[in-house]
1. Please go through region 102-114 and give me each residue that is over 9 Å from ALA301 (Cβ atoms) and either modelled with pLDDT under 95 or not β-branched (Val, Ile, Thr) (or both), ordered by number.
2. Hey, can you tell me all the residues within region 164-207 that are part of a strand (DSSP E or B), touching a residue at least 24 places away in the same chain (Cβ under 8 Å) and closer than 17 Å to LEU153 by Cα?
3. Regarding GLY79, is this residue surrounded by 14 or more Cβ atoms within 10 Å (Cβ to Cβ) and at pLDDT below 95?
4. Looking at ARG242, ARG283, ARG288, ARG313 in this structure, which one is among the basic types (Lys, Arg), under 19 Å from ALA135 (Cβ atoms) and either over 11 Å from the mean Cα position of the chain (by Cα) or at pLDDT 95 or above (or both)?
5. For region 278-296, enumerate the residues that are surrounded by fewer than 24 Cβ atoms within 10 Å (Cβ to Cβ) and among the β-branched types (Val, Ile, Thr).
6. Could you figure out which of (1) of a type outside the set (Asp, Glu); (2) surrounded by fewer than 22 Cβ atoms within 10 Å (Cβ to Cβ); (3) touching a Lys or Arg at 6+ places or on another chain (Cβ under 6 Å); (4) at pLDDT 95 or above isn't true of PHE235?
7. Taking region 190-218 only, how many residues are among the aliphatic types (A, V, I, L, M) and closer than 18 Å to ARG250 by Cα?
8. Please state which of the following conditions ALA148 fails to meet, knowing it meets all the rest: (1) more than 21 Å from LEU230 (Cβ to Cβ); (2) part of a strand (DSSP E or B); (3) of a type in the set (A, V, I, L, M, F, W, C).
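The values are calculated or read from the model by the stated rules, or taken from the named source; none is laboratory data. Just so you know, these numbers come straight off a predicted model, no measurement behind them. All Cβ positions, even for glycine, are placed from backbone atoms using ideal geometry, and neighbour counts span all protein chains on display.
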Amino acid sequence: MGRFIPTSAKRDLARVVNLIVLGWAAAILLRYVAVDHPVLLLGAAIAPWGFVLSATAAAALQGRIHVLVVGFLSAALIGFALPGTVLPSTGCAVQPDSQYTTVYSHNVLFGAADPAEIAPQAASVGADVIVLQEANRAFTDRVHDAVAEGWSLVHVGHLAVLSRFELSDAVQRPPSTSVHALLAVEVETPHGSLPLLNVHTIPPHVPGARPTQRAQFVEIGQWGEATGGLALGDFNATTADRRLLAAVERGGYADSHEIAGCGVGATWSPAPSRVPAILRLDRAYVSRDWAIESYEVLGYAGSDHKAIAVQVRPR
């Protein structure tokens with residue numbers, strides 16, 4: 001490439017490309033700090049790919065040593081970014097097992113997902129409990145009709161919990177909006193009563209949403225501290241959000257993906273048919289009273305979120 005560009009122009013172009021490389025490197029660091037602006041979230045998510053492309057261009061302009069250095073860094077970043085997004089996760093699949101309680105969670109994009117796909121997907125992991133976000137009552141009833149007979153059902157607003165076990169003490173926890181809320185319920189499993197919190201916090205890019213989301217994180221921490229159990233769903237936050245991390249610490253939670261997951265575990269894509277999942281918005285936090293056996297990121301089933309499944313047992 002360099003032989004076709006005059007030396008002075010190549011030098012100037014190299015400087016520009018180097019600045020781009022440094023910009024992407026800085027964006028990578030956003031993965032590890034608390035950011036909640038959607039543009040910054042997206043930039044942090046795609047930063048490894050931008051770094052690889054721009055660094056490759058820089059290497060092409062600057063010689064063999066740069067090629068070797070960039071090749072090493074690119075391989076390391078691809079190894080970091082690719083698993084769990086483009087490549088399938090392996091070695092951490094949730095297998096049906098009656099010794100454990102298996103919970104399946106999915107943001108169904110206001111009914112854009114296909115109930116005919118959700119029920120089999122949940123059945124493939126032996127789900128005992130199905131937790132849905134952005135699900136109206138008609139959609140929830142269709143999922144309920146598609147699972148085995150005799151399942152219990154709780155539906156409040158756009159949140160739903162379905163279970164082969166009895167459900168009790170269902171209550172929507174404040175603060176909430178018409179769509180974004182927290183639904184607490186007790187699942188009477190054969191292994192003991194499992195407190196479950198269906199989470200769908202308000203996304204930070206909605207005007208005026210940040211105080212509400214901050215209060216929802218506080219409520220998640222207080223609920224975990226008081227009851228223990230399992231808090232899962234769409235948290236609409238990065239894994240490095242300090243407000244969420246404070247709630248996780250207060251609630252005594254462990255992140256199921258960090259304990260038993262594979263790869264990056266990203267669950268949300270702006271265009272699932274064209275763009276790999278780039279953000280891990282959907283998570284399952286488990287209190288110290290319950291042990292995490294396995295965790296898996298599943299398919300979209302027509303949504304822009306992938307489903308997740310976690311298998312737990314009491315300690």
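1. TYR104, SER105, ASN107, LEU109, PHE110, GLY111, ALA112
2. Of everything in region 164-207, those that are part of a strand (DSSP E or B), touching a residue at least 24 places away in the same chain (Cβ under 8 Å) and closer than 17 Å to LEU153 by Cα turn out to be LEU182, LEU183, ALA184, VAL185, VAL187, THR189, LEU194, PRO195, LEU196, LEU197, ASN198, VAL199.
3. In short, no.
4. Matching residue, one of ARG242, ARG283, ARG288, ARG313: ARG283.
5. Scanning region 278-296 gives ILE278, ILE292.
6. Unmet condition: (2).
7. Going through region 190-218 one residue at a time, the tally reaches 5.
8. The failed condition is (2).
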